[in-house]
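K.L.:
This is the structure I want to talk about, given as structure tokens.
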Amino acid sequence: MIPKTESELAECVAGAQGALRIQGGGTRDIGVPVAGAVLSTAGLSDVSLYEPGALTVVAAAGTPLSEVEATLAAEGQRLAFEPMDHCGLLGGQGASTIGGVVAANVSGPRRIQGGACRDSLLGVRFVDGMGRVLKNGGRVMKNVTGYDLVKLMAGSWGTLGVLTEVSLKVQAVPEAMGCILVNGLSDVDAVSAMSAALGSPYDISGAAHAPSGVDGHPVTMIRVEGLETSVAYRAAKLTNLLAQFGGEVVVERDSMKVAAGWAWVRDVTLMQGGRGDVWRISVKPSEGPNVVAKLRETHPNISVLYDWGGGLVWVQVPQGTDVRAVEFAGHATLIRGSEKTRSILPVFQSESAPLAALSQGIREKFDPRGILNPGLMG
Amino acid sequence: MDMPTPNPEVLAKKAHIVARLKAVLPADAVIYEEAETRAYECDALTAYRCPPLAVVLPASTEEVVAILKVCHAETVPVVPRGAGTSLAGGSMPTADSVILGVARMTEVLEADFANRFIRVQTGRTNLSVSGAVEEQDFFYAPDPSSQLACAIAGNIAMNSGGAHCLKYGVTTNNLLGVTMVTMEGEVVEIGGAHLDAGGLDLLGVICGSEGQLGVVTEATLRILPKPEGARPVLMGFDSNEVAGQCVSDIIKSGILPVAIEFMDRPCIRATEAFAGAGYPDCEALLIVEVEGSDEEIDAQLERILTIARTHNPVGLRESTSADESARIWLGRKSAFGAMGQINDYMCLDGTIPVSQLPLVLRRIGEMSKDYGLDVGNVFHAGDGNMHPLILFDANKPGDLEKCEAFGADILRLCVEVGGCLTGEHGVGIEKRDLMVDQYLPEDLDIQMAVKDVFDPKWLLNPAKVFPLTASETRRMAAE
């Protein structure tokens, strides 16, 4: 089903006799596999309002992400949260939609400075499991009118409602960017270096570490963005600050190279085309290297990429490996896994009993018939 | 302002309820004599008052659990209270309710600078969270103007903002985790020191739920390194339209100021008479503040001033020292006090798309004439969060009602132009009955359904946020 309007989509849901698989561009085959009729939002495609002077954009859920980004770029603006393209990692085809990005709360390296997708999301329209068209939030920057269901819808993976329209806060593309690279650090030292940078007043917009970078050696990346004066000033300050960690410090000021480097981090290029399951582990930054060290005890050759200053750890492990066998405070999500792995291991981390009961209670209110991507989140 | 009729059964068993609360709390943590409960009869929305049945002041999550179990068992409504600074009546009691005040829960539980978070008990004041980390050159970003007094518990309940949220976001963008006690007395841990939710983003729903879903006793907050410096620039314009256009041009230019504040002529005149900050006498005034090192600030201010000059400002004042910065902020910071000097006032906080600023200010001016009540506007222009201050005389019969009607018209206007009723103060009782102007019945129903999940008996702060008629069936089912 590819409805052309919000009301047609609402009719599709209201009239559904069984489970529905909600799809945007179909580029994110993540979660417990859902058997059901495909309901696509691709027919709802339109940037309906864009006010560059108010930093807001409103788009129908099926609008391709590339179209939203191109619209913003024409005015020198962008999405602050730097969403990743999952096609490379998951080997998918097609065009990611803005609704899909929101439903999965896809947030890239700039999350540490500009917030996650949910932080940029100002308002939503969606169709609940009964086929009711509902709205929450709006298109203004500050809004505490009633409960914030906007955050709830972000990252609900189509299990609470089918998004039909999203409004987002956007930001100006800064005139300059730079990347300070530190070569040769151990994971632990790299996280210390990133913490030092993130604890400095130099307004870091990206902090990542690859134990094995493009050339096979460890590289730590710190990004700064802003006016040319600021970038030059902060790059110099950070070069001094980061020298104490022992690695060779290099400043990259070629914008194209900086952008390419961060796209490499954002899209987890390191693990593209690889064999094995890919997990996304969310922890407090200092915990990242500990989790990896424990995983390496049994799997010495795993691929690893740290983002968010060490707080987001991407690992590629042999198929069927349960990274949660290692104990840590935080959570892990299986992003790339065979259908077999996804049916054996919980894709999303199990919640504590009281939390799970609340989540389940909410699902029953939003989708009493249990037809929207049932079971996708476990 | 209507409030539900107190439940006579609860009133009748006051002694029994107090005895049960005293059995689980230290003697000085239960207040029930009428002379003493009167101190809790209202919050910062002082127009409405009602002493509660009793007040409890727990010191720990365990004590909160014990209190809520008693109240749940006895079907007693509970009104959570931070520091009582709500302008929306968010912690206003009813006669049959127990006020649960977190004022004694002020401990810092953990401060982690490498991982950039602090965990506190939620009775701690906003400013003292920053105070606990400032020696290490960190701060907690959300800065509501009541930050000296307001508690983190209330900040979370209302998703409080502040002048600097243009750059740093509001409470929800800086909240990483909570320990929350449900009305049934169950402790739930949500989030933590990591950055995102593993399942549904319940933390996002709890923040801003006005104490209706649970009592948040501990919070993990993101802390940020302090900028090297900050400096404002003051600019005056001879029309609101031009000032509004200037705001829009600054935002579009790619510079992200930490604050863009706006004052209109009535407010400028009142603050000049009161504080003498030396503001130009003009139609509209902007204060734009940027952060960074000295050279970074210079570079940003130069851009901003270039933009401002294209709009023919009637005054431009760039700060070159801490003293000059303080003088630029002086008028803005004393605006509420200055208006209060003239008369009683009601402060609104509707938010509008920035592009609608000139239209909305013009309409407010027209309405001011129709109602015969003066209004001054001072607000966060960068994000469209307005703060019209309507002056009235509380001792003059009918003036409060007139003021409320005027306020309601302004808020409806905000919604009409694509904005919302409240940007940072919350709905409380103040804007409860206007919710139907922003949301359709089914939009309110799905929100209330969330409360059904967290608090099936509708005992937590039940008469707030939703129009009483809309929530009546649910509240009645509880009794």
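K.L.:
Identify all residues within region B:242-274 that are touching a helix residue (DSSP H, G or I) at 6+ places or on another chain (Cβ under 6 Å), of a type outside the set (Gly, Ala, Ser) and more than 13 Å from every other protein chain (Cβ to nearest Cβ); write none if there are none.
P.N.:
B:Glu261, B:Cys267, B:Thr271, B:Phe274
K.L.:
Residues B:Pro280, B:Pro257: which one is more than 19 Å from B:Cys165 (Cα to Cα), modelled with pLDDT under 95, in a loop (DSSP other than H, G, I, E, B) and not aromatic (Phe, Trp, Tyr)?
P.N.:
Every option except B:Pro280 fails the conditions.
K.L.:
Condition first: at the interface with chain B (Cβ under 8 Å from one of its Cβ atoms), in a strand (DSSP E or B) and open to solvent by 20 Å² or more (accessible area, probe 1.4 Å). Now tell me which residues in region A:160-188 satisfy that.
P.N.:
A:Gln171
K.L.:
Scan region A:215-230 and report the pairs whose first residue is in contact (Cβ under 8 Å) with a residue 24 or more places away in the chain and in the same structural domain as A:Ile180 (by TED's automatic domain parsing) and whose second residue is of a type in the set (Lys, Arg) and buried (at least 23 other Cβ atoms within 10 Å of the Cβ), with Cβ atoms within less than 9 Å and a gap of 6+ or a chain change.
P.N.:
If the second residue must be of a type in the set (Lys, Arg) and buried (at least 23 other Cβ atoms within 10 Å of the Cβ), the pairs left are A:Arg223/A:Arg110; A:Val224/A:Arg234; A:Glu225/A:Arg110; A:Gly226/A:Arg234.
K.L.:
All but one of (1) free of Cβ contacts under 8 Å to residues at least 60 places away in the same chain; (2) crowded, with 24+ Cβ neighbours inside 10 Å hold for B:Ala270; which doesn't?
P.N.:
(1)
K.L.:
Under the condition of being within 15 Å of B:Glu291 (Cβ to Cβ) and more than 7 Å from chain B (Cβ to nearest Cβ), which residue from region A:189-204 is farthest from the chain's Cα centre (by Cα)?
P.N.:
Per the stated criteria, the residue is A:Tyr202.
K.L.:
Now for a different question. So, A:Asp307, is that one among the charged types (D, E, K, R), within 14 Å of chain B (Cβ to nearest Cβ) and under 23 Å from the mean Cα position of the chain (by Cα) or not?
P.N.:
Judged against the criteria, A:Asp307 is a match.
K.L.:
Applying the selection to region B:434-459, what residues are closer than 26 Å to B:Cys347 by Cα and either away from every other protein chain (no Cβ under 13 Å) or hydroxyl-bearing (Ser, Thr, Tyr) (or both)?
P.N.:
Result: B:Tyr439, single match.
K.L.:
Sticking with this structure for a sec: Would you check which residues across region A:273-290 are within 13 Å of chain B (Cβ to nearest Cβ) and in contact with a strand residue (DSSP E or B) (Cβ under 6 Å, 6 or more places away or on another chain) and list them?
P.N.:
Those that are within 13 Å of chain B (Cβ to nearest Cβ) and in contact with a strand residue (DSSP E or B) (Cβ under 6 Å, 6 or more places away or on another chain): A:Trp279, A:Arg280, A:Ile281, A:Ser282, A:Val283, A:Gly288.
K.L.:
Between residues in region B:161-190 that are under 11 Å from B:Cys207 (Cα atoms) and residues that are among the basic types (Lys, Arg), which pairs lie under 6 Å by C-beta distance while being six or more apart or on different chains?
P.N.:
Filtered contacts from region B:161-190: B:Asn174/B:Arg222; B:Leu176/B:Arg222.
K.L.:
Taking the condition of being within 13 Å of chain B (Cβ to nearest Cβ), in contact (Cβ under 8 Å) with a residue 40 or more places away in the chain, in a loop (DSSP other than H, G, I, E, B) and in contact with a helix residue (DSSP H, G or I) (Cβ under 7 Å, 6 or more places away or on another chain), how many residues in region A:52-84 meet it?
P.N.:
Selection size over region A:52-84: 2.
K.L.:
Out of contact with any strand residue (DSSP E or B) (no Cβ under 7 Å at 6 or more places or on another chain) and in contact (Cβ under 8 Å) with a residue 40 or more places away in the chain: which single residue out of B:Gly418, B:Gly407, B:Gly398 fits that description?
P.N.:
Selected residue: B:Gly418, the only one of B:Gly418, B:Gly407, B:Gly398 that is out of contact with any strand residue (DSSP E or B) (no Cβ under 7 Å at 6 or more places or on another chain) and in contact (Cβ under 8 Å) with a residue 40 or more places away in the chain.
K.L.:
For the structure I just gave you, tell me whether B:Arg49 is open to solvent by 50 Å² or more (accessible area, probe 1.4 Å) and within 30 Å of B:Met435 (Cβ to Cβ).
P.N.:
Criteria met by B:Arg49.
K.L.:
Would you confirm whether or not region A:23-33 contains a residue that is outside any loop (DSSP other than H, G, I, E, B) and among the β-branched types (Val, Ile, Thr)?
P.N.:
The answer is no; no qualifying residue exists.
K.L.:
I would also like to ask the following. Would you check if there is a residue in region B:186-203 being in the same structural domain as B:Gly131 (by TED's automatic domain parsing), aliphatic (A, V, I, L, M), buried (at least 24 other Cβ atoms within 10 Å of the Cβ) and at pLDDT below 95?
P.N.:
Looking through region B:186-203, at least one residue is in the same structural domain as B:Gly131 (by TED's automatic domain parsing), aliphatic (A, V, I, L, M), buried (at least 24 other Cβ atoms within 10 Å of the Cβ) and at pLDDT below 95.
K.L.:
What number of residues within region B:237-247 are over 18 Å from B:Asp383 (Cβ atoms) and crowded, with 22+ Cβ neighbours inside 10 Å?
P.N.:
Total satisfying the criteria: 1.
K.L.:
Condition (residue is more than 15 Å from B:Asn240 (Cβ to Cβ), more than 20 Å from the chain's Cα centre (by Cα), open to solvent by 30 Å² or more (accessible area, probe 1.4 Å) and free of Cβ contacts under 8 Å to residues at least 40 places away in the same chain) applied to region B:374-381: is it met by at least one residue?
P.N.:
no
K.L.:
Identify the residue in region A:203-230 that is assigned to a loop (DSSP other than H, G, I, E, B) and touching a strand residue (DSSP E or B) at 6+ places or on another chain (Cβ under 6 Å) and, among all such residues, is most open to solvent (accessible area, probe 1.4 Å).
P.N.:
Residue satisfying both the conditions and the ranking: A:Pro211.
K.L.:
Only one of A:Ile335, A:Ile362, A:Ile302 is of a type in the set (Val, Ile, Thr) and over 23 Å from B:Gly191 (Cα atoms). Can you tell me which?
P.N.:
A:Ile302
The values are calculated or read from the model by the stated rules, or taken from the named source; none is laboratory data. Predicted, not measured: the structure shown is a model, and the values here were computed from it. Cβ atoms come from the backbone with ideal geometry, glycine included; neighbour counts cover every protein chain shown. Surface areas here come from the heavy atoms of the whole protein model, side chains and all, with no ligands, DNA or RNA. Shrake-Rupley method; radii C 1.70, N 1.55, O 1.52, S 1.80 Å.
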